[in-house]
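Laboratory data are not the source of any read-out in this text; all were calculated from the coordinates shown. Remember, predicted model here, so these are calculated numbers, not experimental data. Here the Cβ is made from the backbone with ideal geometry for all residues, glycine too, and neighbour counts use every protein chain on show.
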Amino acid sequence: MSRPRSGEPVSRPRPTLRTRIAGLLAVAVAAVALTAVEPAPPAAQAAACTGTSGVTVVVDFAALGGGVQVGCAPGDPATGLAALQGAGFTVTGTARFGLAFVCRINGKPTAATEPCVNTPSATAYWSYWHAPSGGAWSYSTSGAGGYNPAPGSVEGWSFGAGAPPSIAAP
């Protein structure tokens, strides 16, 4: 192969189809990896939200030997599940239904008590509630993944047979 003379264009070998496909595949894998990473929820705020600064979340652990925890999901979370996570609570779904069914909040009930394979029994599950700030609790007719809470409202979670949280909505 002769060297090109000064000023002549240098010809480079064209990439093969295999090289092009490998490059495109690498870009596609990187794009999927970036979109599959879920951002961590913001740090929990240990008090109710003020005004319409976010959605207040009340979680009643009394039936599991704990107390009641209140957090604030800042801004306008798109779903009740996003509000629960945005207020700093960790959520575990079931093996069968994923996060479409909340099985554990902050690790409760324990795996020894509830394996979270299918939905828990009708006497021991996380019931989901809504209330206006300072108002009465209403049992949710929607799942947490399909309900859009308004900023300034209160979301409640209570473990047991479907009783509302044991405190009034803040």
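Overview of results
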{"read-out": "For Thr113, Thr94, order by how many other beta-carbon atoms lie within 10 Å, fewest first", "value": "Thr113, Thr94"}
{"read-out": "Gain in span if fully extended, Ala100 to Thr119, counting 0.36 nm per residue against the direct Cα distance", "value": "5.8 nm"}
{"read-out": "Percentage relative contact order, segment 99-170, counting C-alpha pairs under 8 Å, at least six apart", "value": "34"}
{"read-out": "Tail fraction, Cα-Cα pairs, segment 54-160, threshold 22 Å, whole percent", "value": "24"}
{"read-out": "Mean separation of Cα contacts under 8 Å (6+ apart) over length of segment 54-160, as relative contact order %", "value": "34"}
